[in-house]
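Peer 1: Have a look at this one.
The values are calculated or read from the model by the stated rules, or taken from the named source; none is laboratory data. Worth saying up front: this structure is predicted, and the values here are computed from it rather than measured. Only protein heavy atoms, including side chains, enter the accessible area calculation; ligands, DNA and RNA are left aside. Shrake-Rupley method; radii C 1.70, N 1.55, O 1.52, S 1.80 Å.
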Amino acid sequence: DHALIGDTGTAALVGRDGTIDWACLPRFDSSSTFASLLGTEDHGHWTLRPVDGDATARWRYRGDTLVLSTVWTTRDGVVEVTEFMPVGAHRPSIVRRVRGLRGTVEMRQTLRIRFDYSRALPWIRQIGDDDEPALLATAGPGSVIVRGPRFRADDHRHTAVTTIHDGDVLDTVLTWYPSHREPPEPLGVDAALAHTLSWWTGWTAPAQTPGRYAAATRRSLVFLRAM
């Protein structure tokens, strides 16, 4: 019941309910930033889904890539959430893009950042302005910056509710960086998405996978390459 997204240096698990409940940043052998998969919500997670509790989801990967596409359908509209980790980026990032397909959908994000397997509660502060808000979380040697909508503090977590209309695009990008450095520049999501799709497609294109299990074999190859 999870999908894997990754940049070949680390990875994150995305549940069917729109929750990233496992991710180790900046590498596979780093301690976790989100670990509710092995505990509770207090151990760190990042949920992105419609406010409507009756919303239904249909997900798929884009071809032979690790770019995940989830279409959420509610009573009032339809949105697509595209999630990926850019390949070849200077710092590891998790990108979650919401695009309105029909009608109007209220999307809620709930963010609990917990470093070191939830043993380190980060110091979190708002930076930027109303046009370019950002959330900065630091604990020990690691920091993450989250750019997107303005998050509000709520009982040791941060939430954001955004109304998505037909044609709207909302990008939320979480980027890890060493805490003794300055926060990295904002990621160009369009270019990062195009490069990541091209990189994965280029890597899988030469693979020869005949037989009845060709699709499963190619997907397994992608997962192995990711790890």
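Peer 1: In segment 68-227, what percent of the accessible surface is made up of carbon and sulfur (1.4 Å probe, ligands and nucleic acids excluded)?
Peer 2: The C+S portion of the solvent-accessible surface of segment 68-227 is 51 percent.
Peer 1: Can you work out ³J(HN,Hα) from phi for every residue in segment 144-159, in order, using Karplus 6.51 cos²θ - 1.76 cosθ + 1.60 and θ = phi - 60°, giving whole Hz and x for Gly and Pro?
Peer 2: Calculated HN-Hα couplings, in order: 10, 10, 10, 10, x, x, 7, 8, 10, 5, 7, 6, 6, 9, 10, 10 Hz.
Peer 1: Right, here's the next one. Can you classify segment 70-191 as rounded, prolate or oblate using the Cα gyration tensor, where a ≥ b ≥ c are the square roots of its eigenvalues, rounded means a/c under 1.5, and otherwise it's prolate if a/b beats b/c and oblate if not?
Peer 2: In terms of gyration-tensor shape, prolate.
Peer 1: Find the accessible area per residue for segment 71-120; the probe is 1.4 Å, ligands and nucleic acids are left out, and the unit is Å².
Peer 2: 39 Å²
Peer 1: Answer rounded, prolate or oblate for segment 83-136, using the Cα gyration tensor with square roots of eigenvalues a ≥ b ≥ c: rounded when a/c is under 1.5, else prolate when a/b is larger than b/c, else oblate.
Peer 2: Prolate is the answer for segment 83-136, as a/c is 1.5 or above and a/b outweighs b/c.
Peer 1: Can you check what the Kirkwood hydrodynamic radius comes to for segment 172-227, Cα pairs only, in Å to one decimal?
Peer 2: 14.1 Å is the Kirkwood radius here.
Peer 1: May I ask for the Kirkwood hydrodynamic radius of the chain, worked out over all distinct Cα pairs and given in angstroms to one decimal?
Peer 2: With all distinct Cα pairs of the chain included, I get 18.0 Å.
Peer 1: Roughly speaking, what is the centre-to-centre gap between segment 139-187 and segment 25-40 when only Cα atoms are used, to the nearest Å?
Peer 2: Answer, in whole Å: 17.
Peer 1: Still on this model: Indicate the gyration tensor shape class of segment 31-109 (rounded, prolate or oblate), computed on the Cα atoms with a ≥ b ≥ c the square roots of the eigenvalues: a/c under 1.5 is rounded; otherwise a/b larger than b/c is prolate and the rest oblate.
Peer 2: It comes out oblate by the Cα gyration axes.
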